[in-house]
1. Looking at segment 73-86, is at least one residue touching a Gly at 6+ places or on another chain (Cβ under 6 Å) and not acidic (D, E)?
2. Which one is nearest to H46 (Cα to Cα) among residues in segment 110-123 that are part of a helix (DSSP H, G or I) and open to solvent by less than 10 Å² (accessible area, probe 1.4 Å)?
3. Looking at segment 26-46 only, could you name the residues that are in a helix (DSSP H, G or I) and surrounded by fewer than 17 Cβ atoms within 10 Å (Cβ to Cβ)?
4. Restricting to segment 91-109, count the residues that are open to solvent by 10 Å² or more (accessible area, probe 1.4 Å) and either free of Cβ contacts under 8 Å to residues at least 12 places away in the same chain or not in a helix (DSSP H, G or I) (or both).
5. What single numbered condition from (1) assigned to a helix (DSSP H, G or I); (2) open to solvent by 20 Å² or more (accessible area, probe 1.4 Å); (3) touching a residue at least 60 places away in the same chain (Cβ under 8 Å) fails to hold for D88?
6. If the Cβ limit is 8 Å and pairs must be 6+ apart or interchain, which residue in segment 151-168 that is surrounded by 16 or more Cβ atoms within 10 Å (Cβ to Cβ) pairs with which residue that is in a helix (DSSP H, G or I) and among the charged types (D, E, K, R)?
7. Hey, any hits in segment 127-149 for a residue that's basic (K, R), under 21 Å from the mean Cα position of the chain (by Cα) and either buried (at least 18 other Cβ atoms within 10 Å of the Cβ) or assigned to a helix (DSSP H, G or I) (or both)?
Amino acid sequence: FIEQELGKKNNVTTIHSSYIEIRSIAKKNQLIFDFMLIDLGANIEHFKNADRGFSIKNPGPLDMRFDQSKWMSLAQWFAQSHWNDLMDCFMKYADMWIKNAQQLAFNLLKEYRSQKPQTTTELVNILKKMWYSDHRIAVIFQAFRITVNRELDQAELFFDHVIDNLSVWWRIAI
């Protein structure tokens, strides 16, 4: 919609790409930006597509990557992670206190390694056996998604790279 409407204007350029590519896009197209609209994070389409592994309600692979050609899937991350990695993930992105994060990380990794879940449904069932509600499981999945996609690292890179390509009166909407 935005591309269709704004693309009709002479002074508007729409570019569909990852926001971390801002420096190369600006250089390639010789652009200085007055305004940017940046779409960060997940949207409903990610959850509708079970193949992406974002949903706690629809069975899908343990993936959770926005770009499935980059980095490692959630299953790969689990396979190489220590319980401290999970604890970090829960404390940073699931708003858990250290004691709860430690307990969940240790128990989840133990269950993960013994049961070797292949789908989001199997992972959800492990978490439900630990007495987590659907709401809390959604928050845990969000923490996994942020970790697997390195979302905050990517946002930081964007802000480091964009500053050189902004006009004097710039605005960024996120």
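1. Within segment 73-86 (the criterion being touching a Gly at 6+ places or on another chain (Cβ under 6 Å) and not acidic (D, E)), the answer is no, since none of the residues qualifies.
2. Step one: filter segment 110-123 for residues part of a helix (DSSP H, G or I), giving 110-115, 120-123.
Add one more test, that the residue is open to solvent by less than 10 Å² (accessible area, probe 1.4 Å), and what stays is 120, 123.
Numbers: T120: 14, L123: 18 Å.
Within segment 110-123, the match that is nearest to H46 (Cα to Cα) is T120.
3. Going residue by residue through segment 26-46, those that are in a helix (DSSP H, G or I) are 26-29, 44-46.
Once the filter is applied, which keeps residues that are in a helix (DSSP H, G or I) and surrounded by fewer than 17 Cβ atoms within 10 Å (Cβ to Cβ), segment 26-46 yields K27, K28, N29, I44, E45, H46.
4. 8
5. Among (1) assigned to a helix (DSSP H, G or I); (2) open to solvent by 20 Å² or more (accessible area, probe 1.4 Å); (3) touching a residue at least 60 places away in the same chain (Cβ under 8 Å), the lone unmet condition for D88 is (3).
6. Going by the 8 Å Cβ cut-off, the qualifying pairs are E151/R145; H161/R23; V162/R23; N165/R23.
7. Here is the first cut: in segment 127-149, the ones basic (K, R) are 128-129, 136, 145.
Still in the list and also under 21 Å from the mean Cα position of the chain (by Cα): 136, 145.
Now narrow it down to the ones that are either buried (at least 18 other Cβ atoms within 10 Å of the Cβ) or assigned to a helix (DSSP H, G or I) (or both): 136, 145.
Yes, because at least one residue in segment 127-149 is basic (K, R), under 21 Å from the mean Cα position of the chain (by Cα) and either buried (at least 18 other Cβ atoms within 10 Å of the Cβ) or assigned to a helix (DSSP H, G or I) (or both).
The values are calculated or read from the model by the stated rules, or taken from the named source; none is laboratory data. The structure presented is a predicted model; accordingly, all values stated were derived computationally and were not measured. Backbone-built Cβ (ideal geometry, glycine too); neighbour counts: all protein chains shown. Each accessible area value is taken on the protein alone, full model and side chains, heavy atoms only, with ligands, DNA and RNA left out. Shrake-Rupley method; radii C 1.70, N 1.55, O 1.52, S 1.80 Å.
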